[in-house]
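Since the structure comes first, as structure tokens, the remarks are kept for the end.
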Amino acid sequence: MSKDIQIPDYLKDMMENTSAPKTDDMMSGGMSVPRISLKGGKFRFKSEGEEVEVVKDNLDCVIVGMMPTHGTAKTYYEGVYDSNSSDPPNCSSSDGISPDSWVSNPVSQTCATCPNNKFGSAISIGGKKSKACRDSKRLYIVKAKDMKESERPPYWLLNVTVSSLKPLNNYSTDLKKAGITTPSVVISRLGFDDDADYPKLTFELLGILNKDMVKTSLKIAEEKEWDNFSSTTPALPSGGNKQALPSVEVIEPEAEKPSKVSSEEVDNILESWD
């Protein structure tokens, strides 16, 4: 549809003050938050599927939101890794409690009862128990430099995958010890652990925002715009390719013998879907 329409003033007022269905509500999973990929050990800013900026070193930012508030999000892929595939995961949960609304064929009605969310549902290449469903924490961040230049800075989605959850937990502990009850009032420096064989994030406190910046960051944090579509559009952990992650052997609960389904480079699978 491509047609110029002149909207009369009376219609503008009537549309603004009605509870009738909104045009935006017609979208079914088409919206997406600009996100940050960790591919190649760099922070790659992507909007509408296009890479718009690459940060090679540290990323100084303000964490204005996270999902879920407690626990972790869940993402499950089945089958063999295909580098050319851009398919979404088979199942995903933004709150770590139940599958997202966009999932057409959930493995289980709740994450707590899902066989893929249990330790032992997968075995790593090193022979250790693992989970077929991967945990992550979704952070919504604003670049520190944007806090200085804009009264309404844009936010970006960064998925902290399982390899970086422990550093994130440690950072949370450090902030609490310093008397900081929300990360939305400080500048956090994100980097990469050079000693890790796979993309592993580091977190460091740089300093406290000034009063005006705190007002801006808290406003974004309290409004939580991302809640409007967090469960209707897949938001996937950002992977990397410093080295292929270990493959796992997924154990089907119905069978005594494990069915080998490779999920090597699983973060790269997630990274490829936009």
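How big is the range 120-194 by the Kirkwood estimate over distinct Cα pairs, in Å?
Values: mean 1/r = 0.0667 Å⁻¹.
The answer is 15.0 Å.
When you count the other C-beta atoms within 10 angstrom of each residue and take the mean per peptide, 9-17, 176-184 line up highest first as 176-184, 9-17.
Give me the number: length gained by fully extending ASP194 to ALA178, i.e. 0.36 nm times residue separation minus the C-alpha to C-alpha distance, one decimal in nm.
Roughly 3.1 nm would be gained on extension.
Measure up LYS148/LYS215; LYS42/LYS131; LYS145/LYS224; LYS118/LYS200; LYS56/LYS219; LYS42/LYS143 against 18 Å on the Cα-Cα distance and list the ones that go over. Each step should come with its number before you reach the end.
Values: LYS148/LYS215 12 Å; LYS42/LYS131 27 Å; LYS145/LYS224 21 Å; LYS118/LYS200 23 Å; LYS56/LYS219 29 Å; LYS42/LYS143 15 Å.
Table pairs above 18 Å Cα-Cα are LYS42/LYS131; LYS145/LYS224; LYS118/LYS200; LYS56/LYS219.
Eigenvalues of the alpha-carbon gyration tensor of the range 159-207, scaled by 5 and square-rooted, set the equivalent ellipsoid semi-axes at 21, 11, 9 angstrom, largest first.
Bear in mind these aren't lab numbers, they're just calculated from the coordinates by the rules spelled out. Everything numeric in this text was worked out from a predicted model, so none of it was measured. Neighbour counts run over all protein chains shown; Cβ positions are idealised from the backbone, glycine included.
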